[in-house]
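Structure, as structure tokens:
The values are calculated or read from the model by the stated rules, or taken from the named source; none is laboratory data. Keep in mind that what you see is a predicted model, and the values were worked out from it rather than measured. Cβ: placed from backbone, ideal geometry, glycine included. Neighbour counts: every protein chain shown. Ligands, DNA and RNA are stripped out before the accessible areas are found, and what is left, the full protein with its side chains, is counted by its heavy atoms. Shrake-Rupley method; radii C 1.70, N 1.55, O 1.52, S 1.80 Å.
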Amino acid sequence: MEKQIHNYIDKKTEEIIINKLRTAGCVFAEEEARLLISEAQTLDKLTDMVEQRTTGLPLEHIVGWADFCGIRIEVEQGVFIPRRRTEFLVQQAASLTTPGSIIVDLCCGTGAVGAALAKIIGHIELYATDIDPASVKCARHNTTFFWGNVYKGDLYHPLPSALHNRVDILVANAPYVPTDSMELLPQEARKYEIRAALDGGEKGLDVQRRVAAEAPIWLAPGGHLLVETSQKQALQTAEIFAENGLIPKVANCVELDATVVIGTQTNRMNMNCKILT
């Protein structure tokens with residue numbers, strides 16, 4: 001039986017690994033070296049993992065998981081890796097959620113947001129969708145413990161129509177990078193994550209527009225749509241929400257460099273909503 005080898009790696013070998021990672025441009029070489037050593041089952045596996053990292057493969061794709069809101073989230077190669085900044089989206093959604101709420105996670109990726117909300121809130125009725133088959137597979141695994149319902153398909157399309165006007169919380173970490181800015185992303189994202197999870201169209205707002213346009217059909221009165229965006233795009237996102245009858249609010253977190261726009265559904269659509277900041 002294979003045994004983990006971290007107890008058998010001496011300091012000199014660890015330093016060699018750290019230097020290789022640092023030379024390859026890994027900013028947190030020490031922490032990454034310790035993680036790779038702790039996850040490796042054999043010396044050959046460790047060597048292979050280090051080599052993969054030096055070529056630029058994301059650490060989470062190598063070890064197969066990411067830490068998100070204190071949960072170990074399964075991440076397959078090619079799938080969008082949940083970012084720490086998205087924990088702010090979870091925090092904002094959790095503050096508006098009560099036990100028993102119906103929550104829909106659009107563009108769910110690994111299902112990290114829905115899983116984190118279920119862990120924080122307790123009992124919720126969780127639904128999630130994504131167009132990427134590998135992401136759907138991960139999301140089903142990551143939300144199994146929370147009885148998540150994960151569907152493959154484009155945004156709302158695969159959701160059961162019985163959810164119309166019943167959803168308390170809609171969350172969407174939809175792609176919001178403008179197409180022309182894709183080349184400015186770190187190589188790890190450009191090369192190893194699915195483009196559809198990053199590219200938000202000409203101004204980065206294409207998917208957000210589609211999410212907001214249909215949200216009133218699904219949200220319950222007083223329900224909320226929460227979308228992660230950039231600080232630069234936040235007012236445009238808020239305007240899109242208002243155009244679709246949602247009362248918008250912009251929330252920022254300096255520590256996580258995170259911005260979330262929250263839209264609240266009213267009993268009647270108010271097309272003249274003011275943007276609240």
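Per residue, the chain exposes 50 Å² of accessible surface when a 1.4 Å probe is rolled over the protein heavy atoms with every protein chain present. Around Asp130, with a cut-off of 12 angstrom between Cβ atoms, what is the net charge of the other residues, counting Lys and Arg +1 and Asp and Glu -1? Here the count lands on 0.
For the chain, the longest principal axis of the Cα atoms and the long axis of helix 112-121 meet at an angle of about 70 degrees. When His157, His123, His61 are compared by accessible area of protein heavy atoms, the largest-first order is His157, His123, His61, using a 1.4 Å probe.
From the P(r) of the stretch 143-254, could you give the percentage of C-alpha pairs in the tail past 23 Å?
I get 36 percent for the Cα pairs in the stretch 143-254 exceeding 23 Å.
Using Cα-only point scatterers and the Debye equation, what is log10 of I(q)/I(0) for the stretch 1-118 at each q in 0.14 Å⁻¹, rounded to two decimals? Those come out to -0.67, one per q. A full extension of the chain between Arg85 and Glu30 corresponds to an added length of 17.6 nm, given 0.36 nm per residue minus the alpha carbon distance.
For the chain, the longest principal axis of the alpha carbon atoms and the long axis of helix 11-23 meet at an angle near 50°. Mean separation of Cα pairs under 8 Å and 6 or more residues apart, divided by the residue count, gives the chain a relative contact order of 14 percent.
Computed with every protein chain present, the accessible area of Met49 is close to 10 Å² [probe 1.4 Å]. If I take R0 = 22 Å and measure r between the Cβ atoms of Asp44 and Arg22 in this structure, what FRET efficiency does the formula 1/(1 + (r/R0)^6) give, to the nearest 0.05? After rounding, the FRET efficiency stands at 0.45.
Under 16 Å from a point placed 7 Å out from the Cα of Arg166 along the Cα-to-Cβ direction: which residues of the stretch 96-135 have their backbone N that close? Of the residues in the stretch 96-135, 100-105, 124-128 have backbone N under 16 Å from the label point off Arg166. Rg ratio for the chain: its Cα radius of gyration over 2.2 N^0.38 Å, N being its residue count, equals 1.08. Between the helical axis of 133-143 and the longest alpha-carbon principal axis of the chain there is an angle of about 90 degrees.
When the Cα centres of the stretch 7-32 and the stretch 195-260 are compared, how far apart do they sit, in Å? Taking the Cα centre of each part, the stretch 7-32 and the stretch 195-260 sit 40 Å apart. The stretch 42-94 and the stretch 111-132 have Cα centres separated by 18 Å. Specify the residue with the greatest mean-square fluctuation among Glu14, Glu76, Glu214, computed from a Gaussian network of the chain linking alpha-carbon atoms under 10 Å apart. Top of the fluctuation ranking is Glu14. Taking the 1.4 Å solvent-accessible surface of the chain as the whole, the part contributed by carbon and sulfur is 52%.
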